[in-house]
Each structure stands twice: as C-alpha cells, then as structure tokens.
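Quick notes on the structure that follows.
The values are calculated or read from the model by the stated rules, or taken from the named source; none is laboratory data. In this text the structure is predicted, and so the values were computed from the model without any measurement. Here the Cβ positions follow ideal geometry from the backbone for every residue, glycine too, while neighbour counts run over all protein chains shown. The accessibility values were calculated without ligands, DNA or RNA, using every heavy atom of the protein model including side chains. Shrake-Rupley method; radii C 1.70, N 1.55, O 1.52, S 1.80 Å.
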Amino acid sequence: MIRTVRPAAQSRWLLTLHRSSSTAASKIQLRDLTPSHLSAYWDTVPPDESKLEYAAKFFTPSRHSPIKLWSASKFRTTPLSSVEPEVAFLGRSNVGKSSLLNAIMGQEMCWTSSKPGRTREMNAFGIGGTKGGESKIVLLDMPGYGKASRTEWGVEIMKYLQGRKQLRRAFILIDSEHGIKQTDQDILASFRRYAIPHQIILSKVDKVLNKNKKQIKSGASTTSVAGLQTMLHKLKPIIQPDGRIAGPGALGEILTCSSETAVGDGSFLGVNAVRWAILSAAGFDGSINVQTTTTSAPLPELPTATS
C-alpha cells in the first residue's frame, strides 16, 4: 500500500528540512573560528594562520619549558637579576586566570580551584627554555583582586607593575558573561594613571557564543559571532577613554578565549591568539630584537607571510 503525503504535511516537512539546513550552514566550526571572528583589532593586525602555528610551536611543552621559576609574596623579594621579558596576568578572583595560563603553557602548572582567591602570591613561569639556556619569556600569575582578595595583595601587585623593568605588558582577564565590573575599572584607571602597558582578554567566551556547553562543540552561529563583535566594540570607549584626560588606555586589541573548549588540534579556543599577543609584547614576533645576556638555542623560524 502506497501512502500519499498530504500537501500540508509535506510543506511542514520541507520547512523543517530547510531550517535544519540553514542552521547547519550558518554555523562556523570551532576550528574555523579565526582571531577576526573571536577578537577585535583596531590598532593592530590579526595574526594569520602561520603566526598562530608559530605561537603554538613556541609554547609547545618540553623538558625545559614551562618551568616554575619563583614565587614571591612581596615585590622586594622578587629576583632582580633576571633579564628575560615578563608579562603579567591579572583578573578578579575566580575569573579563570590560572586555568588560562595552564592552557597557554600546555601543562598544569598553576593551582586551579572553584574557590576564589587560591593564588596568594606572584608565581613566575619560564617559557621557551632549552638545555643549558635560560627561559625566553616569563609569565606571571598574579593574585586575584575583588572577592576573596586582600588589600595587601593589591599594594604589592601595583608595586611590581610600576617598578619592574622587565615587565612588557599586563594582561587583564575579564569574565565575558559578567563584563567589566567596578573593580576592573579601578584597575584600568590605575594602569592609565601610571602608564602601565596593558591589554584586555575576555575569558569564557564559549558561554557567550553558546550557553549550552554541549552545543558549542558543533560550532558557533554567525549570529552569536556577530553579537560577540558588537559587545567587543562597545568596550572600546571604556578601555580607551580620552588619553588626554585619563592617561594612555589599553592596547587597541581585545582578545577572547576559553580554556575549557578544545578546538581539535590540542589547543583551546582563542588561546593561540593569546600566545601570539604574548610573543608580540615580549618582542618575539619579529618586530623587536630582544637582547639577553645568555646564549640559547635558536627560536622556531618566524613565518614571513604577511597578515
């Protein structure tokens, strides 16, 4: 017996099929999300694929990288003899700072916890070291500010940021879901006041692209990517107010990332772009000749392709 499909039922079936096809076509796979999709660049140029691959290779773990260099609870106890360029990571307590650093370094180096305020001192990690050679870059995990923080930590952090000659940039981590809070604005104001070079990174961007953790694995819709770009550009006047009044603002480049969403190549969403920003800040992007007093193995070959 052959059943005939009623016109109304057939129309509903075709409409459902069309919607399913449109949804699939409007999604961007995680591996295809570029820095231009995830981040905002108005003073700088987004890194291309070759630069992201270079950054990934630079941070590839080895027997000599990453390594724990030192910990210090007070600025006066930090080593003064080091010459390697340093970048510091700051953020509100429980913003995911230590988790991001673990993703950047490719190993579980920082203590992570759901309880705010677990990082209670400055912790330095060396990147790019080789046998018999010093690390090429130093990453610093700083105590969180805000809830579960302590006033004395903030004092010591500011002493470091103002007085550390090796510091190249401070990266401030902001929770994508909650946006810039008053404590973040206070930190940004202090950075502008003391002309401390800094850059904004939004964490947990996967929750902005898709609140359903399981669905994000299939990609992000073009609508959610467009919404993310709108959100990022609305932050521009906040992080870069009139410099004549407030002092120099943040770098005109807002990065986003997720330390929990893998992209299929052993890395995490947006992390290679953060790695490239670290290299750029430290002078390992080909724009600056970084001078050190030690001799070590040559760096990975820098890509020559232009952005």
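Brief remarks follow.
- Percent accessible area from carbon and sulfur atoms, the stretch 37-282, protein chains only, probe 1.4 Å: 51 percent
- The stretch between ILE238 and ASP186 holds 17.6 nm of extra length on full extension. This uses 0.36 nm per residue minus the Cα-Cα distance.
- Computed from phi, the 3J(HN,Hα) profile of the stretch 121-129 under the Karplus parametrisation 6.51, -1.76, 1.60 (θ = phi - 60°) reads 7, 6, 10, 10, 10, x, 10, x, x Hz, with x in place of Gly and Pro.
- Rounded to the nearest 10 square angstrom, LYS159 shows an accessible area of 100 square angstrom against a 1.4 Å probe.
- For LYS136, the lysines whose Cα falls under 22 Å of its own Cα, not counting residues fewer than eight places away in the same chain, are LYS51, LYS57, LYS68, LYS97, LYS165.
- Note that the stretch 188-195 has calculated 3J(HN,Hα) couplings of 4, 5, 5, 4, 5, 4, 9, 6 Hz, one per residue in order, obtained from phi through the Karplus relation 6.51 cos²θ - 1.76 cosθ + 1.60 (θ = phi - 60°); glycine and proline are x.
- Probe 1.4 Å, protein heavy atoms only - accessible area per residue of the stretch 37-282 in square angstrom: 44 Å²
- Equivalent-ellipsoid semi-axes for the stretch 37-282 (Cα gyration tensor, √(5λ), whole Å, largest first): 26, 23, 18.
- Computed E for THR130/TYR194 - FRET, C-beta separation, R0 35 angstrom, nearest 0.05: 0.50
- Rolling a 1.4 Å probe over the protein heavy atoms leaves THR261 with an accessible area of roughly 10 Å².
- Cross-link reach list, lysines versus LYS214, counting only Cα pairs under 18 Å and skipping chain neighbours closer than eight places: LYS27, LYS204
- Point-to-point label distance, SER50-LYS159, nm (Cα→Cβ direction, 7 Å offset): 4.7 nm
- Accessible surface of GLU53 - all protein chains present, 1.4 Å probe, nearest 10 Å²: 110 Å²
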